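The values are calculated or read from the model by the stated rules, or taken from the named source; none is laboratory data. Everything quoted here is computed from the prediction, not taken from an experiment. FYI the Cβ positions are ideal-geometry reconstructions off the backbone, even for glycines, and counts take in every protein chain you see.
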Amino acid sequence: MIKSFKEIVAEAVVDTSKDPYRLVVLADRPKKLNEKGTSQKIIATAEKLGIETYNVRVNGAFLRRDEDSGVVTIHNERDEKGFELDEDTLVLIRGSVTKKDSYLDLISQIERYGIPTNNTRECIEVCSDKFRTYLRLQEIGMNQPKTVLIPNDEPEVVDGAHEALDNKFPMVLKTLQGAKGVGVLLVETERSLQSTVQLVYKIDPYADILLQEYIESDYDVRVMIVNKEIVGAMKREKLAQDDFRSNIAQGAKAVPVELTELEKDACLRACKGVNGQWVGVDFIPAEDRENEQPYILEVNHSAGTQGISEVVGEDVTKMVLKLYFDRDLWKRQPTECGVLETIEIGKEHEMTVKMDTGNNTSVCSLHAEDIEVKGKKVSWKTEGIKYTYPLKRYVSLLKPAEERPVVEMEVKFLNTTYTQEVGLDKRNQIPFLANRDFMKRANLMINPARKFMLTNKRDEPAEDS
C-alpha cells in the first residue's frame with residue numbers, strides 16, 4: 001500500500017531536540033546565490049530545525065584526513081578549518097555536479113570514507129545522462145518514448161536516427177546533459193532536423209545529442225520520491241500553445257494531480273532502476289491512465305521542491321530533512337572487496353578471511369584446534385597461537401549435527417575494529433569465514449572474481465576453503 005503525502009508528513013514528526021544530525025549541502029552554483037533555490041531552502045530550513053549545516057560550493061572544495069586521528073573534514077576553497085565528516089553527518093548533493101570529473105571525484109572520496117549521501121555518484125551520473133537513463137530503464141522494461149543517439153552530423157547518421165523512429169515527425173531533440181528544459185527542441189521536419197544537428201555540432205563538435213519520439217500531451221507529471229515513498233506529484237502544463245516544454249523553471253504552471261496505481265508503481269520502479277533515494281521522476285500519462293503504463297521521460301537526481309511544495313500545500317524540504325532524522329534511511333556506498341582478504345584478531349594475529357555471501361549463520365567461523373571448555377571459559381589454538389576467551393554461547397549445526405562454542409572477539413579490518421561473535425571449528429585451509437552480518441556491518445560489496453583487493457596477501461595463504 002503506497003502511503004499518501006499527508007501520511008508520510010505525519011510519520012515524519014520527529015523530536016528534533018533528541019538526536020540531531022549534521023548536514024553538508026554540496027552544490028555547483030554561482031558565487032551569487034539564488035535565495036529561492038532548493039539548496040538555499042535546504043540550508044535555511046535545516047538551521048531552523050537545529051541541524052548544524054555546512055554549505056559547500058563544489059568548485060574548489062576538498063577533503064582532508066588526519067593520519068593520526070583519522071578525522072575526515074570537508075573544506076570550501078580557502079577554508080582551512082573545514083567541517084568534520086563524522087558518523088552523524090549526511091551529505092545532500094544538489095545541482096549539476098557532473099560538469100567536471102573533479103566534482104564527481106569529490107563525491108567518490110566522500111563515499112570512500114563511508115559518509116552517507118542522498119544519491120550515489122553512480123545514480124547521479126546515470127540521471128545526468130538522458131540516454132544512459134533510457135538504457136537503464138529499458139533494462140527493467142519501463143515504458144519510454146523511443147530514443148536514439150545522434151553521434152555526429154553526417155547526413156546518413158541523422159537519416160538513420162529518424163528512420164529508427166519510423167520517420168514520425170515531429171521529434172524531440174535533446175542534449176544528453178541538460179536541465180530545466182534547456183537543450184530541448186521540437187523538430188518538425190527531416191530538413192530542419194539535419195540543419196539543427198549541423199548547427200549544434202558546429203557550435204560544439206563534442207556535443208552529445210539524442211532524438212526521441214514525440215508523445216502528444218498537454219502536460220507532463222513530476223513525482224517526488226524519497227526513500228521509496230512518493231511524497232508529492234504535480235501536473236506541469238505546457239508553457240504556451242507553441243511551446244511543448246512544461247518545466248517549472250521555464251514558467252510552466254503546476255497544478256495538483258492524483259496518480260493512478262499504475263503511475264505510482266512505474267515511478268517507484270524508475271527510482272529503483274537508477275538506484276536513487278531522493279529523485280524526481282517525470283512522465284507523460286497514457287491515454288488510458290488506469291490501464292496503460294505512463295511514458296517515463298527522465299529521472300532527476302536534484303529535483304527542485306518549490307513547485308511540489310506549492311501544489312501539495314506542505315514544505316517538502318522540511319519534510320525530507322525531518323525524514324532523515326531516521327538513521328535507517330541513510331545509505332552508505334559499499335566498499336568493493338575481494339572474496340579473500342586479510343584481517344587481524346587478538347593481538348595483531350593476521351590471517352586470511354573468506355567473505356562468504358552464502359553464509360547466513362549467526363556467527364563467523366574461526367579455525368580452532370585443541371578446543372577445551374572449562375566452566376565459562378574456552379581455550380583453543382589457531383595457527384599455533386593459544387587463546388582463552390569467555391564462553392558466550394553454543395551454536396547448533398544440522399550437518400554435521402553438533403554444537404560449537406561461540407566467543408566474542410575483536411576483528412580488525414581496514415583500520416576498523418568490530419566486536420563479533422565467532423564460532424570455533426576446524427576450517428583447515430582458510431582460518432576465518434566471515435558471515436553476512438560482518439559484511440553488512442563493514443559495508444562491503446564482494447567481487448567474487450577478485451582476491452585481496454583492499455588488503456595485502458599473507459605469506460603463503462591458502463587459496464580455497
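So, in segment 170-215, how many residues would count as being at pLDDT 90 or above, within 18 Å of residue 284 (Cβ to Cβ) and out of contact with any helix residue (DSSP H, G or I) (no Cβ under 7 Å at 6 or more places or on another chain)?
7
Which strands (runs of 3 or more DSSP E) sit wholly inside segment 142-231 and have at least 1 residues that are polar (S, T, N, Q) and at negative phi? So that I can check it myself, show each step before the final result.
Details: elements: 147-150, 171-175, 184-187, 209-213, 219-226.
In segment 142-231, 147-150, 171-175, 209-213 are the strands (runs of 3 or more DSSP E) which contain 1 or more residues that are polar (S, T, N, Q) and at negative phi.
Report yes if residue 135 is closer than 27 Å to residue 45 by Cα and outside the structural domain of residue 283 (by TED's automatic domain parsing), otherwise no.
No, not satisfied.
Check 452, 438 and return the single one that is closer than 30 Å to residue 70 by Cα and in a loop (DSSP other than H, G, I, E, B). Break it down into steps so the answer makes sense when it comes.
Numbers: 438 fails: in a loop (DSSP other than H, G, I, E, B).
Answer to the selection: 452.
Here's the yes/no breakdown for (1) assigned by TED's automatic domain parsing to the domain that holds residue 423; (2) assigned to a loop (DSSP other than H, G, I, E, B); (3) over 24 Å from residue 439 (Cα atoms); (4) without any contact (Cβ under 8 Å) to a residue 12 or more places away in the chain:
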position: 378; (1), (2), (3), (4): yes, no, yes, no
position: 381; (1), (2), (3), (4): yes, no, yes, no
position: 386; (1), (2), (3), (4): yes, no, yes, yes
position: 389; (1), (2), (3), (4): yes, no, no, no
position: 395; (1), (2), (3), (4): yes, no, no, no
position: 407; (1), (2), (3), (4): yes, no, no, no
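Within the bounds of segment 255-274, is there any residue that is at pLDDT below 95 and closer than 21 Å to residue 129 by Cβ?
No: segment 255-274 contains no residue that is at pLDDT below 95 and closer than 21 Å to residue 129 by Cβ.
Quick check on residue 78: is it in contact with a Ser or Thr (Cβ under 9 Å, 6 or more places away or on another chain), of a type in the set (Lys, Arg) and surrounded by fewer than 18 Cβ atoms within 10 Å (Cβ to Cβ)? Break it down into steps so the answer makes sense when it comes.
Working: in contact with a Ser or Thr (Cβ under 9 Å, 6 or more places away or on another chain): no; of a type in the set (Lys, Arg): yes; surrounded by fewer than 18 Cβ atoms within 10 Å (Cβ to Cβ): yes.
No, not satisfied.
Quick grid of which residues meet (1) part of a helix (DSSP H, G or I); (2) outside the structural domain of residue 282 (by TED's automatic domain parsing); (3) in contact with an Asp or Glu (Cβ under 7 Å, 6 or more places away or on another chain); (4) surrounded by fewer than 17 Cβ atoms within 10 Å (Cβ to Cβ):
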residue	(1), (2), (3), (4)
40	yes, yes, no, no
54	no, yes, no, no
60	no, yes, yes, yes
73	no, yes, yes, no
91	no, yes, no, no
102	yes, yes, no, yes
108	yes, yes, no, yes
115	no, yes, no, no
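Can you tell me which residue among 89, 147, 175 is farther than 24 Å from residue 188 by Cβ and touching a residue at least 24 places away in the same chain (Cβ under 8 Å)? Give the steps one after another, and end with the answer.
Numbers: 147 fails: farther than 24 Å from residue 188 by Cβ; 175 fails: farther than 24 Å from residue 188 by Cβ.
Criteria check complete, one pass: 89.
In segment 406-429, what count of residues is obtained for those that are at pLDDT 90 or above and not hydroxyl-bearing (Ser, Thr, Tyr)?
13
So that you can scan it fast, the table gives a plain yes or no per residue for (1) out of contact with any Leu (no Cβ under 6 Å at 6 or more places or on another chain); (2) assigned by TED's automatic domain parsing to the domain that holds residue 265; (3) polar (S, T, N, Q):
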position	(1), (2), (3)
169	yes, no, no
175	yes, no, yes
183	yes, no, no
187	no, no, no
195	yes, no, yes
199	yes, no, no
205	yes, no, no
233	no, yes, no
236	yes, yes, no
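Evaluate the following for residue 377: is it at pLDDT 85 or above and surrounded by 14 or more Cβ atoms within 10 Å (Cβ to Cβ)?
Details: at pLDDT 85 or above: yes; surrounded by 14 or more Cβ atoms within 10 Å (Cβ to Cβ): no.
Spelling it out, it is not the case that residue 377 is at pLDDT 85 or above and surrounded by 14 or more Cβ atoms within 10 Å (Cβ to Cβ).
Would you point out the residue of segment 360-374, among those that are of a type in the set (A, V, I, L, M) and surrounded by 18 or more Cβ atoms within 10 Å (Cβ to Cβ), that is farthest from residue 410 (Cα to Cα)? Don't jump to the end; show me each part of the working.
As a first pass, look at segment 360-374 and keep what is of a type in the set (A, V, I, L, M): 363, 366, 368, 371, 373.
Keeping just the survivors that are surrounded by 18 or more Cβ atoms within 10 Å (Cβ to Cβ) gives 363, 366, 368.
Values: 363: 13, 366: 12, 368: 16 Å.
Going through the qualifying residues, I end up with 368.
Does segment 262-321 hold any residues that are in a strand (DSSP E or B) and either more than 30 Å from residue 44 (Cβ to Cβ) or not aliphatic (A, V, I, L, M) (or both), and which are they?
Initially, segment 262-321 is screened for residues in a strand (DSSP E or B), giving 278-284, 295-300.
Within segment 262-321, 278, 280, 282, 283, 284, 295, 296, 297, 298, 300 qualify.
Could we say that residue 125 is closer than 30 Å to residue 61 by Cβ, assigned to a helix (DSSP H, G or I) and in contact (Cβ under 8 Å) with a residue 40 or more places away in the chain here? Walk me through how you get there before you give the answer.
Working: closer than 30 Å to residue 61 by Cβ: yes; assigned to a helix (DSSP H, G or I): yes; in contact (Cβ under 8 Å) with a residue 40 or more places away in the chain: no.
In short, no.
For residue 417, only one of the following conditions fails: (1) touching a residue at least 40 places away in the same chain (Cβ under 8 Å); (2) under 23 Å from residue 456 (Cβ atoms); (3) part of a strand (DSSP E or B); (4) of a type in the set (Ser, Thr, Tyr). What is its number?
Unmet condition: (1).
Being among the β-branched types (Val, Ile, Thr) and closer than 16 Å to residue 363 by Cβ is the filter here; which residues of segment 385-415 pass it? Walk me through how you get there before you give the answer.
Step one: list which residues in segment 385-415 are among the β-branched types (Val, Ile, Thr), which gives 385, 388, 395, 406-407, 411.
The answer is 395, 406, 407, 411.
Can you tell me which residues in segment 262-288 are surrounded by fewer than 17 Cβ atoms within 10 Å (Cβ to Cβ) and under 25 Å from the mean Cα position of the chain (by Cα)?
Residues of segment 262-288 that are surrounded by fewer than 17 Cβ atoms within 10 Å (Cβ to Cβ), as a first pass: 264-265, 269, 272, 275, 287-288.
Matches in segment 262-288: 264, 265, 269, 272, 275.
For residue 403, all conditions in the list (1) surrounded by fewer than 17 Cβ atoms within 10 Å (Cβ to Cβ); (2) in contact with a Leu (Cβ under 7 Å, 6 or more places away or on another chain); (3) at pLDDT below 90 hold save one; what is the number of the exception?
(2)
Could you check residue 438 against (1) among the aromatic types (Phe, Trp, Tyr); (2) without any contact (Cβ under 8 Å) to a residue 60 or more places away in the chain; (3) under 15 Å from residue 341 (Cα atoms) and say which number it fails?
Of (1) among the aromatic types (Phe, Trp, Tyr); (2) without any contact (Cβ under 8 Å) to a residue 60 or more places away in the chain; (3) under 15 Å from residue 341 (Cα atoms), only one is false for residue 438: (2).
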